[in-house]
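Peer 1: Take a look at the following structure, please.
The values are calculated or read from the model by the stated rules, or taken from the named source; none is laboratory data. All values derive from a computational prediction rather than experimental measurement. Positions of Cβ are generated from backbone atoms using ideal geometry, with glycine treated the same way; all protein chains shown enter the neighbour counts.
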There are 2 protein chains.
Amino acid sequence: MEKALNYIENNKERFLSELFELLRIPSVSAQSEHKPDMKTCAEWLAAALVKAGADHAEVMPTEGNPVVFAERIIDPNAKTVMVYGHYDVMPVDPVDEWNTSPFEPEIRDGRIWCRGADDDKGQLFMHAKAFEAMCATETLPCNVKFLLEGEEEIGSPSLYKFCADNKEMLRADIILVSDTSMISMETPSITVGLRGLTYMEVEVTGPDKDLHSGLFGGAVANPANVLTRLVASLIDERGHVTIPGFYDDVRILSDEERRAFNETPFDEEAYKRSLDIDEVAGEEGFTTIERTGIRPSLDVNGIWGGYTEEGTKTVIPSKASAKISMRLVPDQDYKKIGELFERHFRAIAPKSVKVSVKFLHGGIPYVAPTDMPAYKAAEKAIVASFGKTPIPFYSGGSIPIISGFEQILGIKSLLIGFGLAEDAIHSPNESYGLNQFYKGLETIPLFYKYFAEK
Amino acid sequence: MEKALNYIENNKERFLSELFELLRIPSVSAQSEHKPDMKTCAEWLAAALVKAGADHAEVMPTEGNPVVFAERIIDPNAKTVMVYGHYDVMPVDPVDEWNTSPFEPEIRDGRIWCRGADDDKGQLFMHAKAFEAMCATETLPCNVKFLLEGEEEIGSPSLYKFCADNKEMLRADIILVSDTSMISMETPSITVGLRGLTYMEVEVTGPDKDLHSGLFGGAVANPANVLTRLVASLIDERGHVTIPGFYDDVRILSDEERRAFNETPFDEEAYKRSLDIDEVAGEEGFTTIERTGIRPSLDVNGIWGGYTEEGTKTVIPSKASAKISMRLVPDQDYKKIGELFERHFRAIAPKSVKVSVKFLHGGIPYVAPTDMPAYKAAEKAIVASFGKTPIPFYSGGSIPIISGFEQILGIKSLLIGFGLAEDAIHSPNESYGLNQFYKGLETIPLFYKYFAEK
């Protein structure tokens with residue numbers, strides 16, 4: 001692997017300038033105006049993978065954004081690693097809060113600043129370049145497939161069918177994913193748990209038009225007031241979600257398991273400082289890492305209604321809406337949770353308004369075993385590159401398709417991400433440390449080496 | 001008055017085309033981008049009043065938008081009527097819901113469709129044209145002053161000082177105002193009560209940046225969730241405002257007064273149909289007309305936070321905000337209510353967030369006597385034009401400056417408005433019936449005639 005690592009060292013600058021080309025493509029999957037950018041991005045990646053050493057690469061259509069598939073088969077009897085990543089990114093709103101243009105990458109303070117710098121263009125590109133290094137130095141010890149999608153941030157709606165339709169093409173021994181974070185560069189970790197997700201949108205309608213709040217105020221249900229009441233009631237004073245049946249399938253850890261779980265190093269004071277908050281908040285009786293690791297949650301992701309511009313407007317809005325998502329843990333089912341949510345929300349709405357409830361997307365939780373060969377290989381690779389044994393870590397985030405892979409393809413995933421909390425993914429001013437990028441590049445070939453060993 | 005009414009009849013079409021010129025000026029006081037339009041509008045009105053017959057008209061600067069003052073003095077010993085109106089209009093958002101361009105007036109179904117068609121350009125223009133008719137036919141029986149401001153929709157912040165600085169210029173026996181509605185064309189009414197107003201804006205801040213709702217969801221206070229909880233708690237299940245001290249100064253009507261008050265004709269089924277709602281809602285133990293006439297209320301006029309665009313974004317917003325206004329009744333004080341609101345809102349906020357509370361504007365409630373000469377004159381004028389005795393009516397709306405006039409100038413106001421609920425003022429698709437416009441034009445000279453009589 002020395003050769004591959006030397007190759008990386010000698011080509012670092014070029015890798016960065018190539019990554020910048022990828023980052024400049026504004027591939028926001030949530031917004032239909034960016035549809036053409038999705039295709040551009042997929043084609044760019046397919047070409048890049050062929051240049052890196054793939055036998056062939058294809059941009060494959062789906063009902064949504066295309067999938068990029070590439071492979072290099074060195075030996076039908078060798079192990080096969082399939083790299084999964086996503087080339088779509090989150091919207092950039094609120095755009096005013098970015099210090100630099102969201103799609104113009106810039107290096108500052110040792111970090112790459114751009115939407116997608118970490119999530120997931122920066123991380124998937126490490127895999128493309130590690131692959132190139134192994135191909136160029138003839139040290140690639142496994143067959144490699146790349147499966148890159150353009151809809152992860154909207155719940156991978158097309159990838160389930162794509163997997164079902166292409167099972168043979170997608171055969172592999174392990175799916176390798178860098179779309180998660182480590183605890184810190186000093187405390188490397190491998191993600192072994194992901195939460196599931198149910199993402200809903202609700203709309204409350206009162207009168208059929210906006211009304212003068214003086215002439216009608218106090219006599220007609222105001223949908224914005226009603227919405228606050230309905231949404232507020234979804235969580236009680238103890239931080240519990242009040243939807244009947246919500247906790248029915250939550251796996252309860254034994255006291256011993258909880259003790260082990262809480263051994264993960266966590267500095268609550270540093271956590272609060274990094275977010276500029278005076279107090280953490282959440283479900284009573286659980287620690288902060290339990291609240292994101294093993295407990296479900298419910299968050300308003302967006303809320304809007306009435307007059308939201310400068311100054312005042314004395315209006316009772318006709319409608320008010322909210323986007324509400326729930327993070328789920330084993331063994332909650334995202335479809336069942338969506339149904340429970342909808343039934344409950346309709347039930348608590350007063351007769352003075354009409355409500356609509358839409359399911360936007362969802363995914364089931366995932367727990368990875370720590371005794372599989374890929375985990376062991378990743379552990380050894382990280383020990384070699386970071387000098388420390390990685391900690392198995394439960395992330396609060398979701399990558400719904402990971403469970404889908406297991407269900408449809410029967411393949412487990414290894415979540416070896418090099419992100420950090422400070423990367424501010426999904427937020428304005430996303431960034432990715434150059435040290436994270438290079439450390440990832442260094443670790444990946446080591447993973448291949450240890451994984452290929454008998 | 002026959003001559004004046006004939007003049008009106010013969011000039012109806014021209015009046016409309018002049019009104020359209022006025023309506024086309026987008027004089028939105030809440031939005032600073034429209035600053036130049038305010039001046040244009042004031043200058044247009046001053047010129048129009050001179051053409052109508054004023055001895056002189058002036059655009060007088062204030063710290064905010066200019067005031068238009070005009071007068072015609074026929075005899076220092078005659079009675080003086082001062083017409084008050086406002087040339088500023090409400091914002092047009094949500095602009096998508098307009099069927100035609102908000103500032104391009106159009107006649108359809110016997111109505112003028114445009115922002116300001118009723119509130120208040122259409123209504124104040126009736127006064128300008130009734131004045132013109134009386135001047136042109138030499139039938140004007142009173143001195144007339146016009147006081148037209150450009151900040152009514154934002155709480156008349158400059159007009160209080162303007163009145164205090166110009167007391168002598170503004171001397172009059174009555175202030176005549178058409179900025180209110182009638183119950184219906186079949187049930188004419190004169191507004192004798194206006195609610196006061198306290199308009200606040202609150203902002204809840206959690207983490208210092210938007211966060212990934214998976215990585216942090218359940219462990220950090222989400223300001224959008226907290227905002228819904230705080231706002232929802234401001235009204236209890238019985239429809240009572242929960243702010244301590246809120247009801248302390250509310251004037252309680254005797255049983256007899258309430259019985260009399262509830263004799264106002266009101267068709268609740270028609271009311272619900274006109275708003276497309278299944279049930280009215282409000283404070284327990286009060287009728288709909290009591291809820292808007294003699295009881296205070298609290299409404300969310302706008303709420304916003306997080307991702308509000310198409311699709312999904314899994315984010316915990318850093319901030320969430322709401323605009324909240326309260327309608328007040330005698331003897332509530334808008335400043336005191338603002339202070340009570342702020343103290344309460346800060347007190348109920350959890351330590352996991354920071355809140356800011358801003359007072360945006362306010363005004364005190366107003367009750368007009370029904371035994372003053374101007375009321376009697378208006379009653380006779382309406383009997384003559386509508387064929388029915390008008391009902392004294394408590395509007396839920398607010399014109400804060402009306403109380404200001406009484407306090408600063410010592411002059412009472414007569415609220416003779418020709419609006420209707422269906423005019424949808426403050427809403428998309430504001431309109432004003434041609435019959436309302438013409439009925440107003442017919443009634444106003446009659447008012448002058450009866451008011452001038454000893």
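Peer 1: Which is among the aliphatic types (A, V, I, L, M) and within 12 Å of chain A (Cβ to nearest Cβ), of B:337, B:277? Even if it seems obvious, please write down each step before you answer.
Peer 2: Numbers: B:337 fails: within 12 Å of chain A (Cβ to nearest Cβ).
Result of the check over B:337, B:277: B:277.
Peer 1: Which condition number in (1) more than 30 Å from residue A:108 (Cα to Cα); (2) at pLDDT 95 or above is the one that residue A:1 fails?
Peer 2: Unmet for residue A:1, out of (1) more than 30 Å from residue A:108 (Cα to Cα); (2) at pLDDT 95 or above: (2).
Peer 1: If you don't mind, another one. Just to be sure, is residue A:178 modelled with pLDDT under 95, closer than 27 Å to residue A:431 by Cα and more than 12 Å from every other protein chain (Cβ to nearest Cβ)?
Peer 2: no
Peer 1: Then there's this: Report the residue count in segment B:17-53 for those that are in a helix (DSSP H, G or I), over 22 Å from residue B:361 (Cα atoms) and touching a residue at least 24 places away in the same chain (Cβ under 8 Å).
Peer 2: Of the residues in segment B:17-53, 14 are in a helix (DSSP H, G or I), over 22 Å from residue B:361 (Cα atoms) and touching a residue at least 24 places away in the same chain (Cβ under 8 Å).
Peer 1: Anything in segment B:307-328 that is at pLDDT 95 or above and of a type in the set (A, V, I, L, M, F, W, C)? List them, or say none.
Peer 2: If the condition is that a residue be at pLDDT 95 or above and of a type in the set (A, V, I, L, M, F, W, C), then B:316, B:320, B:322, B:324, B:326, B:328 are the ones that fit.
Peer 1: Another question about this same structure. Could you list, in sequence order, all residues of segment B:181-211 that are within 9 Å of chain A (Cβ to nearest Cβ) and either on the phi > 0 side of the Ramachandran plot or surrounded by 24 or more Cβ atoms within 10 Å (Cβ to Cβ) (or both)?
Peer 2: B:181, B:194, B:195, B:197, B:199, B:206, B:210, B:211 - these are the residues of segment B:181-211 that are within 9 Å of chain A (Cβ to nearest Cβ) and either on the phi > 0 side of the Ramachandran plot or surrounded by 24 or more Cβ atoms within 10 Å (Cβ to Cβ) (or both).
Peer 1: Please go through segment A:136-157 and give me each residue that is over 14 Å from residue A:120 (Cβ atoms) and of a type outside the set (Val, Ile, Thr), ordered by number.
Peer 2: Within segment A:136-157, the subset over 14 Å from residue A:120 (Cβ atoms) is A:136-145, A:155, A:157.
Result: A:136, A:138, A:140, A:141, A:142, A:143, A:145, A:155, A:157.
Peer 1: Could you tell me whether segment B:305-326 includes any residue that is over 30 Å from residue A:424 (Cβ atoms), more than 7 Å from chain A (Cβ to nearest Cβ) and not in a strand (DSSP E or B)? Give the derivation first.
Peer 2: Residues of segment B:305-326 that are over 30 Å from residue A:424 (Cβ atoms), as a first pass: B:324-326.
This time we only want the ones that are more than 7 Å from chain A (Cβ to nearest Cβ), so: B:324, B:326.
Subsequent filtering for residues that are not in a strand (DSSP E or B) retains none.
Taking every residue of segment B:305-326 in turn, none turns out to be over 30 Å from residue A:424 (Cβ atoms), more than 7 Å from chain A (Cβ to nearest Cβ) and not in a strand (DSSP E or B).
Peer 1: Those residues that are under 12 Å from residue B:181 (Cβ atoms) and more than 14 Å from chain A (Cβ to nearest Cβ), I need them from segment B:401-428; list them, please.
Peer 2: B:416, B:418 - these are the residues of segment B:401-428 that are under 12 Å from residue B:181 (Cβ atoms) and more than 14 Å from chain A (Cβ to nearest Cβ).
Peer 1: Consider residue A:299 against the criteria (1) part of a helix (DSSP H, G or I); (2) of a type in the set (Asp, Glu); (3) buried (at least 24 other Cβ atoms within 10 Å of the Cβ): it satisfies all of them except one. Which criterion is unmet?
Peer 2: (1)
Peer 1: Residues to consider are B:167, B:145; find the one that is within 17 Å of residue B:71 (Cβ to Cβ), charged (D, E, K, R), in contact with a Lys or Arg (Cβ under 9 Å, 6 or more places away or on another chain) and assigned by TED's automatic domain parsing to the domain that holds residue B:12. Break it down into steps so the answer makes sense when it comes.
Peer 2: Numbers: B:167 fails: in contact with a Lys or Arg (Cβ under 9 Å, 6 or more places away or on another chain).
None of the others qualify; the one that does is B:145.
Peer 1: Could you check segment A:58-86 and list, in sequence order, the residues that are over 16 Å from residue A:172 (Cβ atoms) and over 22 Å from the mean Cα position of the chain (by Cα)?
Peer 2: A:58, A:59, A:60, A:61
Peer 1: A further question on this structure: Restricting the search to segment B:280-295, which residues are of a type outside the set (Val, Ile, Thr) and either facing another protein chain (nearest Cβ under 7 Å) or in a helix (DSSP H, G or I) (or both)? I'd like the intermediate steps shown before the answer.
Peer 2: In the first step, residues of segment B:280-295 are kept if they are of a type outside the set (Val, Ile, Thr); the result is B:281-286, B:290-291, B:293, B:295.
Result: B:281, B:282, B:283, B:290, B:291, B:293, B:295.
Peer 1: Let me ask something else. Quick check on segment B:210-241: of everything there that is among the hydroxyl-bearing types (Ser, Thr, Tyr) and in contact (Cβ under 8 Å) with a residue 60 or more places away in the chain, which residue is farthest from residue B:196 (Cα to Cα)? Break it down into steps so the answer makes sense when it comes.
Peer 2: From segment B:210-241, those among the hydroxyl-bearing types (Ser, Thr, Tyr) are B:213, B:228, B:233; that's our starting set.
Applying the additional criterion that residues be in contact (Cβ under 8 Å) with a residue 60 or more places away in the chain yields B:213, B:233.
Numbers: B:213: 41, B:233: 22 Å.
The selected residue is B:213.
Peer 1: Would you mention how many residues in segment A:396-415 are more than 11 Å from residue A:175 (Cβ to Cβ) and touching a helix residue (DSSP H, G or I) at 6+ places or on another chain (Cβ under 8 Å)?
Peer 2: Matching residues across segment A:396-415 total 5.
Peer 1: For the subset of segment A:65-106 comprising residues that are crowded, with 20+ Cβ neighbours inside 10 Å and out of contact with any strand residue (DSSP E or B) (no Cβ under 8 Å at 6 or more places or on another chain), which member is nearest to the other protein chains (Cβ to nearest Cβ)?
Peer 2: Here the residue is A:93.
Peer 1: Considering (1) crowded, with 21+ Cβ neighbours inside 10 Å; (2) at positive phi; (3) without any contact (Cβ under 8 Å) to a residue 60 or more places away in the chain, say which one residue A:306 fails and leave the rest.
Peer 2: (3)
Peer 1: In segment B:246-261, which residues are more than 25 Å from the chain's Cα centre (by Cα) and of a type in the set (A, V, I, L, M, F, W, C)?
Peer 2: Across segment B:246-261, the qualifying residue is only B:260.
Peer 1: Within segment A:190-199, is there a residue that is in contact with a Gly (Cβ under 7 Å, 6 or more places away or on another chain), basic (Lys, Arg) and closer than 21 Å to residue A:408 by Cβ?
Peer 2: Just the residues of segment A:190-199 that are in contact with a Gly (Cβ under 7 Å, 6 or more places away or on another chain), to begin with: A:191, A:193-199.
Pick out the ones that are also basic (Lys, Arg) and you get A:195.
Imposing the further condition that a residue be closer than 21 Å to residue A:408 by Cβ reduces the set to A:195.
Looking through segment A:190-199, at least one residue is in contact with a Gly (Cβ under 7 Å, 6 or more places away or on another chain), basic (Lys, Arg) and closer than 21 Å to residue A:408 by Cβ.
Peer 1: Still on this structure, I have one more. State all residues of segment B:152-176 that are among the hydrophobic types (A, V, I, L, M, F, W, C) and outside any helix (DSSP H, G or I); if no residue qualifies, say none.
Peer 2: Let us first name the residues in segment B:152-176 that are among the hydrophobic types (A, V, I, L, M, F, W, C), namely B:154, B:159, B:162-164, B:169-170, B:172, B:174-176.
Listed by number, the residues that qualify are B:169, B:170, B:172, B:174, B:175, B:176.
Peer 1: Can you tell me which of A:284, A:310 is of a type outside the set (Gly, Ala, Ser) and not assigned by TED's automatic domain parsing to the domain that holds residue A:212? Let's see the steps before the verdict.
Peer 2: Working: A:310 fails: not assigned by TED's automatic domain parsing to the domain that holds residue A:212.
Only one candidate qualifies: A:284.
Peer 1: Right, here's the next one. Could you list all residues from segment B:267-279 that are touching a residue at least 24 places away in the same chain (Cβ under 8 Å) and either part of a loop (DSSP other than H, G, I, E, B) or surrounded by 24 or more Cβ atoms within 10 Å (Cβ to Cβ) (or both)?
Peer 2: none
Peer 1: Can you work out which of the residues in segment A:107-122 that are surrounded by fewer than 24 Cβ atoms within 10 Å (Cβ to Cβ) and touching a residue at least 12 places away in the same chain (Cβ under 8 Å) is nearest to residue A:149 (Cα to Cα)? First the steps, then the outcome.
Peer 2: Residues of segment A:107-122 that are surrounded by fewer than 24 Cβ atoms within 10 Å (Cβ to Cβ), as a first pass: A:107-111, A:113.
Remaining after also requiring touching a residue at least 12 places away in the same chain (Cβ under 8 Å): A:107, A:110-111, A:113.
Values: A:107: 26, A:110: 29, A:111: 25, A:113: 22 Å.
This residue is A:113.
Peer 1: Kindly check whether there is at least one residue in segment B:243-262 that is under 19 Å from residue B:204 (Cβ atoms), surrounded by fewer than 23 Cβ atoms within 10 Å (Cβ to Cβ) and touching a residue at least 24 places away in the same chain (Cβ under 8 Å).
Peer 2: Start the filter on segment B:243-262 by keeping residues that are under 19 Å from residue B:204 (Cβ atoms), which leaves B:243.
Filter once more, so that each one left must be surrounded by fewer than 23 Cβ atoms within 10 Å (Cβ to Cβ): B:243.
After this cut, where a residue has to be touching a residue at least 24 places away in the same chain (Cβ under 8 Å) as well, the list is B:243.
Looking for residues that are under 19 Å from residue B:204 (Cβ atoms), surrounded by fewer than 23 Cβ atoms within 10 Å (Cβ to Cβ) and touching a residue at least 24 places away in the same chain (Cβ under 8 Å), one finds at least one in segment B:243-262, hence yes.
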